[in-house]
Amino acid sequence: MTVHFYGKGFDYSDQIHKFKNLRGLPEADRYIYDPRWRQMSELIYPDEKVAYNMIFRKGKWDYCWFVFDEDDDCNRWERVEFYYPYDLFKVGATQGGLDSHKQADAAGDRGEFDQDNSGKGRLYLSPIDGKIHLFGAEWGAWRIDQNAKCFQGYGGLYPPGEKEQRLHKDPESFATVKYTDTDNNGFFDLIEYDLNGDRIFEERVSLLELNIDDSGMIYDTSEMKYEDVKALFDICTNGMWERGQDAIEVAEQYNLNTSWYSFWKQPHTPFERYSYGYWLNFYIYKDLCHLAELNKDTKMRKRLDKAYYSGNWKEVLK
């Protein structure tokens, strides 16, 4: 995942680094096309010891974006490339959609957008799906690429890649999940689904209408180190897996066959626990909803919605 700030930034003119050996032999300057870099004795930049702190303590930012690599296919060392707060369904490099950046994943990532930086780049765990979200984001979207068919690849730098083209074919359709903070309290409370890829949201769920508290534990990124970020993902992953196990317990009490999901019951990595836990939870929830509809049990359906979107399956255990 990556957090992005944009704005005026901060003054780092006092971050002066002296170099004794940067200056080359003056006699050799005439052999260099532009010898000015050889004549410098100092560089001005915030180094790794102070840059992170200065971003949060001194930075003046207009907005903040967040991206999470939901299909775990990004091996870039510097960041997960960002989605833009553009059209939800347009696809392709520079085409005006979420993936408009040439190096972005056409589908498979989740982008969230705090357009006034009200959340200051902080993160939280949401009851709406158990995932890590950007506090203060007005909206966000996840383009689902469950099997990582798309990936962040951009050609043109090295052969045999084709110039100015992505290394994979953009998908013609994809499932989309949209998140919205309708009451402007910094937490998502509305989730909408377009699961068949027809660009129409066929389902919407409001936590406010279900009387579910939309808030979650807030994590201050300005105080976090790498170990803290990893610990946050571990908390998220363990919580996601536990939700999936609770869903299995509920399904068994309603005599639903969960052997269909044997693949997702056997994770081998932390990310698989995160991903498989989510899909176990979601698929079993949908199965239970179908059962409630078959039985025309509206009360059960309401209990299911509240249990799933609060993360508390105990509410529907018999």
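The figures follow:
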| quantity | calculated |
| --- | --- |
| Every pair of residues 6+ apart whose Cβ atoms lie under 9 Å, when the first sits in segment 292-308 and is under 14 Å from ASN211 (Cβ atoms) while the second is open to solvent by 100 Å² or more (accessible area, probe 1.4 Å) and not in a helix (DSSP H, G or I) | LYS306/ASN211 |
| Search result, residues across segment 113-146 that are of a type in the set (Gly, Ala, Ser) and at negative phi | SER118, GLY119, SER126, ALA137, GLY140, ALA141 |
| Extreme residue, least open to solvent (accessible area, probe 1.4 Å), among residues of segment 5-44 that are within 15 Å of GLY59 (Cβ to Cβ) and hydroxyl-bearing (Ser, Thr, Tyr) | SER13 |
| Selection from segment 1-31 of residues that are in contact with a strand residue (DSSP E or B) (Cβ under 9 Å, 6 or more places away or on another chain) and assigned to a loop (DSSP other than H, G, I, E, B) | MET1, PHE10, TYR12, SER13, ASP14, GLN15, PHE19, LEU22 |
| Residue in segment 170-189 that is aliphatic (A, V, I, L, M), within 22 Å of the chain's Cα centre (by Cα) and under 30 Å from MET54 (Cα atoms) present | no |
| Residue list for segment 262-318, filter: over 29 Å from the mean Cα position of the chain (by Cα), part of a helix (DSSP H, G or I) and farther than 28 Å from MET217 by Cα | HIS290, LEU291, ALA292, GLU293, LEU294, THR298, LYS299, MET300 |
| Subset of segment 127-141 (residues that are open to solvent by less than 10 Å² (accessible area, probe 1.4 Å) and aromatic (Phe, Trp, Tyr)) | none |
| Hey, MET1 closer than 25 Å to ILE191 by Cβ, open to solvent by 50 Å² or more (accessible area, probe 1.4 Å), modelled with pLDDT under 95 and not charged (D, E, K, R) or not | yes |
| Flag if PHE10 is free of Cβ contacts under 8 Å to residues at least 60 places away in the same chain, over 30 Å from ALA137 (Cβ atoms) and within 43 Å of the chain's Cα centre (by Cα) | no |
| Conditions (1) surrounded by fewer than 19 Cβ atoms within 10 Å (Cβ to Cβ); (2) part of a helix (DSSP H, G or I); (3) not charged (D, E, K, R); number of the one not met by THR237 | (1) |
| Subset of segment 74-122 (residues that are open to solvent by 30 Å² or more (accessible area, probe 1.4 Å) and either of a type in the set (Ser, Thr, Tyr) or within 22 Å of ASP228 (Cβ to Cβ) (or both)) | ARG76, TRP77, GLU78, ARG79, TYR84, TYR86, THR94, SER118, LYS120, ARG122 |
| Residue match in segment 50-68 (condition: open to solvent by 60 Å² or more (accessible area, probe 1.4 Å) and farther than 20 Å from GLY9 by Cα) | no |
| Condition check for ALA247: part of a helix (DSSP H, G or I), open to solvent by less than 70 Å² (accessible area, probe 1.4 Å), farther than 27 Å from GLY186 by Cβ and in contact (Cβ under 8 Å) with a residue 60 or more places away in the chain | yes |
| Criterion violated by SER275 - all others in (1) at pLDDT below 95; (2) open to solvent by less than 70 Å² (accessible area, probe 1.4 Å) satisfied | (1) |
| Residue among ASN185, ASN117 that is at pLDDT 95 or above, in contact with a strand residue (DSSP E or B) (Cβ under 9 Å, 6 or more places away or on another chain) and not charged (D, E, K, R) | ASN117 |
| Failed condition for VAL80, given (1) modelled with pLDDT under 90; (2) hydrophobic (A, V, I, L, M, F, W, C); (3) farther than 22 Å from ASP220 by Cα | (3) |
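The values are calculated or read from the model by the stated rules, or taken from the named source; none is laboratory data. Quantities reported herein were computed from a predicted structural model and do not represent experimental measurements. Please note: Cβ atoms are built from the backbone with ideal geometry, for glycine as well, and neighbour counts cover all protein chains shown. The protein model used for the area step is the full one, side chains on, heavy atoms only, and it has no ligands, DNA or RNA in it. Shrake-Rupley method; radii C 1.70, N 1.55, O 1.52, S 1.80 Å.
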